[in-house]
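Everything below concerns the one structure shown next.
The values are calculated or read from the model by the stated rules, or taken from the named source; none is laboratory data. For clarity, every value in this text was computed on a predicted model and none was experimentally measured. Heads up, the Cβs are rebuilt from the backbone with ideal geometry, glycines too, and the neighbour counts pull from every protein chain shown.
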Amino acid sequence: MKNNLIGVLEPVHKPVLLKEVLAAFEHIAPLNNQAHKGNKPIVVDATLGAGGHAKELIRRGFYVLGIDANRKMVKIAGENLRNFVTSEFAHRAERLSEPEACPTGNFDEFFKIVTSNFVSIDRVAHESGFENVDGILFDLGISSYHYQFSSGFSFQNPDLALDMRLSDSQNVTAADLLNALPYKKLAELFAQTIPGKAKRLARCVEQSRRNRKIETVGDFLKIVDSAIFITKRMVGKNQSPYTLPFLALRIAVNYELDNLKIALNKSCGVLKDGGVLAVISFHSGEDKIVKDIFKDLVEKKLMKWKEKLVIPSTIEILNNPRSRSAKLRVISRL
Ligand SMILES: C[S@@+](CC[C@H](N)C(=O)[O-])C[C@H]1O[C@@H](n2cnc3c(N)ncnc32)[C@H](O)[C@@H]1O
């Protein structure tokens, strides 16, 4: 095993609904997947992650502009995609006896990666030289890698700082929010994912921080323990009592829902006529935003529905349990 970030962690993140995402982009795919950069259809992968979806798009002849807010993910994706392009296209050249088809380290024929929040998708596309693109993909949330190298996302590591920032350019951590927000704001924060228990949890946070500053994952686990009793329903669904409180905090620290609204509305203007916008969401808060904005864009006759709702097959869920709550919705520009 290679002694680098990828070698140590691989393989951890399986791209969700991959077949279905590729099908959504099929009608804009190039006829010849050896086309040169100028002729390739351009897809913005606004949540590049480890590059799982991007790799398959590149394989099919798309040029990918990848965006991720997290520097470590950008490093991992860069390494993955460079390795992929080198082996895929060298292998093809050998098979076709066309040595010139093998890239010579010039990866900008295939992809470009930008470290940015997708809220600036229009600016990133413009600064990369693309006024209008053929497709945009959002695969929301965090990658499996985040649980391993970012602090606070996982409740398996109680001693780590309760951080949860997607990007090191952000200033406010999850612990900062718990220590500073007034009761009402805390209750609103938790109501995003656990409306029935939000007030009780907010009161327990208030009580706990009166005694001692909240700093670690373990501090928050104890607070959740004091506020939430495990119900039969949770046991039946094999759901941890920590999942939804942690999700609420992550959403708040990273302004996830506000950023999603802004980015989806901007995306319409970044697409060329016939361009495809595909979004995979993982919880009801995200999915409601996607559904409402898509409906609105369709009603305004700016976009039309391509796929109202696609969910993973039972086989995919068995192979990749992380996919179980995924929902894919697709629209295209009129
Ligand atoms: C679910 S993962 C994507 C996985 C990817 N499709 C793959 O197959 O490897 C989501 C990625 O989006 C990034 N991300 C989440 N919110 C973001 C935002 N607002 N701006 C930019 N990147 C974001 C996360 O850092 C994470 O790497």
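Laid out as a table, the results:
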item: Of all residues making up region 123-146, the number that are surrounded by 16 or more Cβ atoms within 10 Å (Cβ to Cβ), more than 10 Å from the ligand (Cβ to nearest atom) and assigned to a helix (DSSP H, G or I); result: 1
item: Of residues in region 36-80 being at pLDDT below 95 and small (Gly, Ala, Ser), the one farthest from the ligand (Cβ to nearest atom); result: GLY38
item: Where ARG329 falls short, out of the listed (1) assigned to a strand (DSSP E or B); (2) surrounded by fewer than 20 Cβ atoms within 10 Å (Cβ to Cβ); (3) within 15 Å of the chain's Cα centre (by Cα); result: (2)
item: Condition broken by ILE315, with the remaining ones in (1) surrounded by fewer than 18 Cβ atoms within 10 Å (Cβ to Cβ); (2) in contact (Cβ under 8 Å) with a residue 40 or more places away in the chain satisfied; result: (2)
item: Set VAL12, VAL21, VAL16: member being within 11 Å of the ligand (Cβ to nearest atom), farther than 20 Å from GLY129 by Cα, at pLDDT below 95 and assigned by TED's automatic domain parsing to the domain that holds ASP139; result: VAL12
item: Count of region 269-301 residues which are under 23 Å from GLY129 (Cβ atoms) and surrounded by fewer than 19 Cβ atoms within 10 Å (Cβ to Cβ); result: 4
item: Sole residue being modelled with pLDDT of 95 or more and assigned to a helix (DSSP H, G or I), chosen from LYS304, LYS288; result: LYS288
item: Yes/no for LEU264 being in the same structural domain as ARG203 (by TED's automatic domain parsing), touching a residue at least 40 places away in the same chain (Cβ under 8 Å) and either crowded, with 17+ Cβ neighbours inside 10 Å or within 16 Å of the ligand (Cβ to nearest atom) (or both); result: no
item: Selection count, region 153-183, where residues are in contact (Cβ under 8 Å) with a residue 12 or more places away in the chain and part of a helix (DSSP H, G or I); result: 6
item: Any pair with Cβ under 8 angstrom, 6 or more apart, that starts in region 30-59 at a residue that is at positive phi and ends at one that is at pLDDT 90 or above and among the acidic types (Asp, Glu); result: GLY49/ASP68; GLY49/ASP139; GLY51/ASP45
